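Written out below as structure tokens is the structure these notes cover.
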Amino acid sequence: MNFIILILIFAFFIFLPFVPGIIELLAPADDKPLPVKDYSRDARYFGGSFRRILKDSFQRDGFEKNISEIKLSSGLEKIEIISSDFNSYEKKLDHMLLVSGNLTAKHNSNFNKEIYIKGNAYFGNNNIIRAAAVDKNVEINETAKIIRWLDANGGIKAGENSYLGISASCGEKLQLSNGCRFRRLFGNPILTLQDTSKVDYGLMDSERTDINNASISTYFNEIINEDMRYDEPAIINGNLIINGSLKINNEFTINGDIKAGGNITVKNAKNVNFLGNIISDKTIRMSGNIKVYGNIFAQEEIELEGVEVGNINKTKSVISKKKLILGKNVAIYGFVLTEGIGIVG
Amino acid sequence: MVVLIIILKIYMLFVILVMAIYTFRHNFFTLNRVFGEQKLYYQDIIDSELMELSIIIPMYNEEKTAPHILDLLMKSDYPASKMEVLPVNDSSTDKTKEILDSYALKYPIIKPIHRKSENRGKVPALNETLKIAKGEIILVFDADYLPGKGMLKDLALAFKDPKVCSVMGRVMLINTSKNLLTRMLDLERTGGYQVDQQARYNLGLIPQYGGTVGGFRKELVLSLGGFDEKILAEDTELTFNLFIKGWDVAYANRLECYEEAPEEWKVRANQIKRWSRGHNRVLFKYLLPVITTKHLNFYQKLDGVLLLFVYLIPFIFLLGILDSIVLFFTGEMNLVNYVIVYLLIGMYVTFGSFAPFYQIGIGAFLDRTSNRIRLLPFFFFVFVFNMWFISQGFIESVIDVISFRKVTWHKTKRYRKEEATAAK
């Protein structure tokens, strides 16, 4: 009898771990396929999506009153419709805003909900803006702060020490001042302060090495397992793939991509031309007189000064995981992203 | 007899050591996924200059699935001028040919290849198609896969890195809710991709190209002589062939793609037997090159070796069980051995199953689907199932090598309902 009881107890404990699973099989609570994120990448997604929601709501509901309601994914939101220009000074708005004219928000205004401006927008010192879509140009004054996103069809001019939120994107020029902080930028181009006293300023394309008419110093077609350093001028054809670090201290042109397992450093070098992508598993620091026709991508940090990336017809990206510092004379035609801190200075 | 007993006891200790190593490996990966630095993939790059793609879809009797994947590829945001779709009809006996031809009429970038060769199978089909593909990048999808709109662009972006010669996305199940088997496979994929692959990518080890939802550089693979037709696991072969020569495989966890999993245990048994047979051939071919290559560091070599042995471990463990039975009946299994056997089974069942408990649990947590981990105890049965059929696959791979026999590809059965196809 004791033996049978023991067997039963043993069987019970063997069976016990399966009980939750059997319940899950009989009455499934979590048996649907995992959701797949099906998307098409768009650097101006936030602004585009917001405008679409507003447009759909207009078409569906029509906003006739000054204050209406709009359905967002977060629920119903109040929206104030202003059919002329809008000026604010030390105002605090807790509802959405649609302005048909221009918006001028002087000091210390808080826009705690999304706003849409069909004209130009000016945000003065210490303004706090949750999110804004602007059809023309935007100027953000010193110490103004975007919490989530800013999108303009025209250009964006960001003042000193302004914070550009999770995303700032525009269809034209995005001008950054010293001390601007950011996570994600898109502009054509994104510009930092142009300092004419720097070595690289004003170098024309015609003054740069023309790979087609240059004498190639090296052809690469293999993986190099050590560090590399260029102290003399070099013109390279092919991809430069190094498991170590790369240092460039002189004129340099490469017709191919660069990948380094270690750091990539270009220090105050003139007439440096990368016709392909520059990718590092660590950091990329480049200063001098540099033109990059490809993307710049680093798993750790990127620091640029005197670097032009892409051109008006070639959208390119600068992406680093931890930190991105943009110094003077930087022009990036396209996209900038960091998961960490992005700062101009 | 004494010598035999000593050998059996030494083997037991060897099995325990092997299990301990794999347990450590799986736990290390899991901890890395939760607490470690996560390596960036390239999907955030926005670049107006895109590479030329050739998308190869090997097909044998795929009338149920072909319209789905072709429709989805035609909805891709990749510019049509930069891509061609090459569905390879491998002597199908159903309506695959007619379906492909009708799509080709409608979409000029779909260029079906109708193979008549007796040398059927995915690997010969790939080798043959590589020679006529125009793209510099080859992307491969199995016919039951459902790629999303941005998938092609995001996969292709990995090749902006000149060291990356192959890329792999994440496989997820579309038929999860079908039965116990599909639910277990869903969990297995979660652990395998969300945790294991991503951790190996994070740590700069050996993430694996999986033969679908992925791709490679055409010229490089051609320069390597294409795929070895004696090996059924062309994906694993390519992975190791690239790594030993210094190239990288990138893993993109965010590039998720649905596939259809086997819904019958018999079909799954054949699939896993084939994988084991192919993977073990890769082990025989690449073990020495992985150890001796100058392009891998110590940790990569260690991970490479452990990855190569993954489909041999169940056989080693099966012998361990037989070993313990013999020791038991010969009266040589004393208390210490009992403890050891307990530890051995405990460690392996807990951590060492196909996609171990730890990894599955954390993977489900990262996917924010906690209820499905209630099924974890059922992995004991999956473990026994896998052990048996993977061992069979290993034995077949040994016979393949010894007998020089020709390996033949057996297609995995599809379950999709024909009337559900998007073309209609």
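Remarks
- Per-residue average of Cβ from other chains inside 10 Å of A:311-319: 3
- 15 Å reach of a label modelled at B:LEU287, 7 Å along Cα-to-Cβ, counting backbone N of the range B:9-35: B:15, B:18
- Cα-projected label distance for B:ALA20 with A:GLU339, points at 7 Å along beta-carbon direction, nm: 3.5
- For the residue pairs B:LYS64/B:LYS97; B:LYS39/B:LYS160; B:LYS64/B:LYS116; A:LYS145/B:LYS39; A:LYS323/B:LYS39; A:LYS157/A:LYS259, the C-alpha atoms sit more than 23 angstrom apart in A:LYS145/B:LYS39; A:LYS157/A:LYS259.
- Alpha-carbon centroid distance for the pair the range B:228-244 / the range B:163-213, whole angstrom: 18
- Cα centroid of the range A:23-99 to Cα centroid of the range B:283-307, whole Å: 52
- Nonlocal amide H pairs with A:ASP257, under 5 Å, H built at 1.01 Å: A:ASN239, A:LEU240, A:ASN277
- With a cut-off of 14 Å on the backbone N, the residues of the range B:30-48 near the modelled label site 7 Å out from B:GLU136 along Cα-Cβ are B:48.
- 5 angstrom amide H check on A:ASN87, placed H, neighbours 5+ away: A:THR104
- Mean per-residue shielding of peptide A:286-295 is 1, counting Cβ atoms of other chains within 10 Å of each Cβ.
- The chymotrypsin sites (Phe, Trp or Tyr not before Pro) of the range A:46-145 that meet both conditions, a loop assignment by DSSP and at most 16 other Cβ atoms within 10 Å of the site Cβ, are A:PHE63, A:TYR89.
- Remark on A:GLU303: its backbone amide H falls under 5 Å from those of A:ILE284, A:ARG285, A:MET286, A:ILE325, a criterion applied only to residues 5 or more positions apart or on other chains, H modelled at 1.01 Å from N.
- Here the extension length gained between A:SER100 and A:LYS136 equals 11.8 nm, from 0.36 nm per residue of separation less the Cα-Cα distance.
- Counting Cβ atoms of other protein chains within 10 Å of each Cβ in B:226-232 and taking the mean gives 0.
- Annotation note: trypsin sites (Lys or Arg not before Pro) in the range B:108-151 located in DSSP loop regions with a Cβ neighbour count of at most 14 within 10 Å are B:LYS116, B:LYS134.
- Label-point separation, A:ALA11 to B:ASP94 (7 Å along Cα→Cβ), nm: 4.4
- Scalar couplings 3J(HN,Hα) for the range A:240-254, obtained by applying the Karplus form with A = 6.51, B = -1.76, C = 1.60 to θ = phi - 60°, are 9, 10, 10, 7, x, 9, 10, 10, 10, 10, 8, 4, 7, 9, 10 Hz; x denotes Gly and Pro.
- Cα radius of gyration and Dmax for the protein assembly as shown (Å): 29.6, 100
- Debye intensity ratio in log₁₀ form over the Cα atoms of the range A:205-344, taken at each q of 0.14, 0.16, 0.18 Å⁻¹: -0.57, -0.76, -0.97
- Only lysines eight or more places from A:LYS55 in sequence, or on another chain, were considered; those with a Cα closer than 23 Å are A:LYS65, A:LYS71, A:LYS78, A:LYS113, A:LYS118, A:LYS136.
- Cα centroid separation - the range B:7-69 against the range A:254-321, whole Å: 30
- Between A:GLU90 and B:ASP71, the FRET efficiency from the beta-carbon distance, with R0 = 60 Å, is close to 0.60.
- Filter on A:LYS291/A:LYS322; A:LYS173/A:LYS328; B:LYS75/B:LYS163; A:LYS37/B:LYS417; B:LYS82/B:LYS218 - keep pairs with C-alpha separation over 19 Å: A:LYS291/A:LYS322; B:LYS75/B:LYS163; A:LYS37/B:LYS417
- Descending Cα extents along the principal axes, chain B, whole Å: 74, 45, 45
Bear in mind these aren't lab numbers, they're just calculated from the coordinates by the rules spelled out. Every value quoted in this text rests on a predicted model; they were computed, and no experiment measured them. No Cβ is skipped: glycine too gets one built from the backbone with ideal geometry, and neighbour counts run over all protein chains shown.
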